[in-house]
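Single-structure report; data block below.
Coordinate-derived values only; no laboratory data. Not measured: the values here are computed from a predicted model. Here the Cβ positions follow ideal geometry from the backbone for every residue, glycine too, while neighbour counts run over all protein chains shown.
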Amino acid sequence: MNEQSNKKLNVGLFIDTYFPMVDGVVMVVDNYARRLAKMCNVTVFAPVGRKSFDDSSLPYKVVRCKKKFSLPFLDYDLPTPKFDKQFLQAVKDAKLDLVHIHSPFTIGKVGAKYAKKHNIPLVSTLHSQFEKDFLRATKSKAITRIMLNIIAKVFNKCDVLWTMSPGCVELAHHYGYKGKTDIISNATDLVNNFSDKDIIDIKSQLFAKYNIQPDDKVFITIGRVNKLKNLDVVFDCCKILKDKDFHFKWLIVGNGGDMEYFENKTAKLNLQDKVVFVGKVVDPVEKGKLFAISNLHLFPSTYDTDGIVRIEAAAFSLPTVFVDTSLPATTITDGDNGYITQNTPEAFSQKIEEIFADEDRYKKVQQNCKKDLYITWDEVVPLAYEKYLELCKKHQEK
């Protein structure tokens, strides 16, 4: 396959959960598929969801595996493609030129097996902190190691493993991956089209809505309201800042299973006048408005491998504060295009005070975070497609 050929590349994206479930990995695959559909023939191979979803609403082909085991204690089910003859036949009939798996489980294994059988390129992307997921689910280091060995075998079949940061490369090797890696950034669709007048109007509206004072520094955190996201450290940090009479408002955008826990913690720490639970915001314009009025994006998570929200924030020249043990922190330089602090409330609060004590440095970080971190899917996916073509060419030359 090459660019001179009249035949379009046939690409299969394999994922073990999909719409109507929405998470970071699902959104990555959807953004890839939407743009790849303009350049080649793309098919997403995925399981059916727990609720119905109209695949015809998508601008690309989706093939669903209908057989699955229900996992009621988790948010998703385990697809069992080996029992779904219709699904396997659809994979066989796809005549793929390249397979890109986005999860190393049952449907991902189907993609890897297809690539090996037909001697075509196999790309895999490491999206998740599997070790933490396995350990949380099994409470056993021994079982976790066994499961990591299983997924490492899948990853080790690929021609190249794509990751989003240097930290993710190290993580892949820790899991047991021994092959070639490439760093391919995630991206965003968010665009900052607000004029200076727009910002003034937006601030007037939202400052009144959320009772933000003119001298408040506005912090924002967007994502699941979940203990896994290490939000406790920011709540305790906010308590320290309030006791020091630091003027701020923290906007928590999203919802999740631990909402009641954090609402109770807000009351316990007497932070009701400092913390606003905004709720889930899906509309990109409304999300952009929240970024536009904020001074810092707080990302305490040590669970996420990447955190696309840091790229969204950068669209609005909004610097992010990471903790030093997080993988996304490996994409930035402290005090240059973002901030890194130790994972304690005391260190977090001290970092925030230091940030706003140096206004000139803060303005430079604002500029650099947009320059270094902001990238759109329209930029990333064509680059990924060029890499697909290179892999196909190398396979042809073997």
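Calculated mean residue ellipticity at 222 nm for the chain: -13500 deg cm²/dmol, from DSSP H runs with n ≥ 4 weighted as -39500 (n - 2.57), summed, divided by the residue count and rounded to 500.
So if I place +1 on the C-beta of Lys and Arg and -1 on the C-beta of Asp and Glu, and nothing else carries charge, what would the dipole magnitude of the chain be about its Cα centre? I want it in debye, nearest 20.
2100
Going down the list 274/351; 38/113; 7/82, which pairs span over 22 Å between their C-alpha atoms? Beyond 22 Å: 38/113; 7/82. A P(r) calculated from all alpha carbon pairs of the chain, with 10 Å bins opening at zero, reads 4, 21, 30, 24, 14, 5, 1 percent.
Provide the net charge surrounding residue 131, with neighbours chosen by a C-beta distance below 11 Å and charges set as Lys +1, Arg +1, Asp -1, Glu -1. With Lys, Arg at +1 and Asp, Glu at -1, the neighbours total +3.
Report the antiparallel proportion of the DSSP beta bridges in the chain as a percent, rounded to a multiple of 5. Of those bridges, close to 5 percent are antiparallel.
Two decimals is fine: what's Rg over Rh for the stretch 50-114, C-alpha atoms, Kirkwood radius as Rh? Value, to two decimals: 0.96. Per-residue Cβ neighbour counts within 10 Å put 185, 70 in the sequence 70, 185, beginning with the fewest.
Subtracting the Cα-Cα distance of residue 55 and residue 379 from their residue separation scaled by 0.36 nm leaves 114.1 nm. Count the lysine pairs in the stretch 122-219 that are 8 or more places apart or on different chains: how many have C-alpha atoms under 21 angstrom apart? Going through the stretch 122-219 pair by pair, I get 12. Counting every other Cβ atom within 10 Å of each residue's Cβ, 139, 82 order from fewest to most as 139, 82.
Across the stretch 143-261, the volume of the C-alpha convex hull divided among the residues equals 189 Å³ per residue. Computed from Cα atoms alone, the Kirkwood hydrodynamic radius reported for the stretch 203-359 is 15.5 Å. Just to verify a number: FRET efficiency for residue 361 and residue 285, C-beta to C-beta distance, R0 = 35 Å, to 0.05? Plugging the Cβ-Cβ distance into 1/(1 + (r/R0)^6) gives 0.70. Model label points for residue 150 and residue 170, set 7 angstrom from Cα along the Cα-to-Cβ axis, are 2.8 nm apart. For the stretch 196-373, a simple Cβ point-charge model (Lys and Arg +1, Asp and Glu -1, everything else neutral) yields a dipole of about 320 debye relative to the Cα centre. Toward the positive end of the charge dipole of the stretch 122-186, with +1 on the Cβ of Lys and Arg and -1 on the Cβ of Asp and Glu, the farthest Cα among 173, 147, 184 is that of 147.
Taking 0.692 mPa s as the viscosity and 37 °C as the temperature, the Stokes-Einstein diffusion coefficient of the stretch 140-208 based on its alpha-carbon Kirkwood radius rounds to 210 µm²/s.
Enumerate by residue number the chymotrypsin sites (Phe, Trp or Tyr not before Pro) in the stretch 45-108 meeting two conditions: DSSP loop (anything except H, G, I, E, B), and at most 12 other Cβ atoms within 10 Å of the site's Cβ. Within the stretch 45-108, the qualifying chymotrypsin sites (Phe, Trp or Tyr not before Pro) (loop, at most 12 other Cβ atoms within 10 Å) are 73.
Here the residues 326, 204, ranked from fewest to most Cβ neighbours within 10 Å of their Cβ, fall in the order 204, 326.
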